[in-house]
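In what follows, a single structure is set out as structure tokens and then discussed.
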Amino acid sequence: MGKHRRASKAVRIATITGVAGAAVAAPLLTATSASAASVAVWDRVAQCESSGNWSNHDTGGNGHYGGLQFSQSSWAAAGGLKYASRADYATKDQQIAVAEVLLKMQGPGAWQCAYAGPLTSGGPAPEINVSGSASASAGSDNAASTQTAKEAPAKEAPAEAPAPKKVRKHARPAAPVEQGTGSYTVKSGDTLSGIAAAHGVAGGWQKLFELNNDVVKDANLIFPGQHLKLG
């Protein structure tokens with residue numbers, strides 16, 4: 001659970017775990033490379049965060065939206081409202097543009113799945129087109145994939161990007177992940193602080209971390225499928 005990680009998932013700005021205007025129509029937008037990541041890297045992070053569903057509309061009930069699982073507060077704080085009221089209503093390129101801003105604000109630790117990119121602060125800037133708009137409701141996956149296929153330049157299909165069929169829904173790091181035997185099963189987007197708050201764990205995330213330090217080695221990094229003790 002990282003800083004962006006989810007306000008209670010807190011992807012994002014306001015808690016330890018993890019934050020209007022007219023639509024912008026512009027030609028190709030290239031983010032500064034001082035704190036950036038290529039489209040291929042964002043694709044891999046999204047594959048881990050949401051199974052690559054850029055119009056994900058909180059199907060897991062965790063309050064996070066879009067391919068990169070923005071909380072509403074993070075979407076607003078990073079300027080997303082200029083594109084759409086919620087991340088899942090924005091295009092893939094618009095979500096990446098907002099993610100670039102959040103990356104500058106919080107660094108790679110804002111995403112639980114940063115390792116899947118791997119996402120770094122000094123990567124190559126993405127070539128994205130933020131003009132246009134997505135459906136006012138969560139659009140179809142087919143429409144989203146057709147649009148992004150047209151927008152992505154040919155050079156954004158580097159050999160390093162694995163074929164989608166080879167990427168597991170919840171990618172895991174190379175090292176084995178301790179599963180644990182607790183009563184609570186971690187879901188995508190969870191953070192220690194969010195779990196502690198939701199289940200009234202006395203002592204907050206620090207106590208939850210202490211209870212599960214045999215499974216959780218880094219308080220900012222938990223994985224879907226782990227079983228945590230709540231007390």
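The values are calculated or read from the model by the stated rules, or taken from the named source; none is laboratory data. In this text, all values refer to a predicted model and were calculated from it rather than measured experimentally. When we count neighbours, we look across all protein chains shown, and the Cβ atoms used for this are built from the backbone with ideal geometry, even at glycine. Only protein heavy atoms, including side chains, enter the accessible area calculation; ligands, DNA and RNA are left aside. Shrake-Rupley method; radii C 1.70, N 1.55, O 1.52, S 1.80 Å.
Of note:
- Exposure rank, largest accessible area first [Lys217, Lys207; 1.4 Å]: Lys217, Lys207
- In terms of packing, defined here as the mean over residues of other Cβ atoms within 10 angstrom, the peptides 117-125, 92-100, 46-54, 182-190 line up highest first as 92-100, 46-54, 182-190, 117-125.
- Extension gain, His57 back to Asp214 (0.36 nm per residue minus Cα-Cα distance, nm): 53.1 nm
- In nm, spacing of pseudo-spin labels at Val101 and Ala197 (7 Å Cα→C-beta vector): 2.2
- Calculated Rg and Dmax of the range 74-134 using C-alpha coordinates, Å: 11.5, 30
- Stretchable slack from Ser85 to Gln206, in nm (0.36 nm times residue separation minus alpha-carbon distance): 40.2 nm
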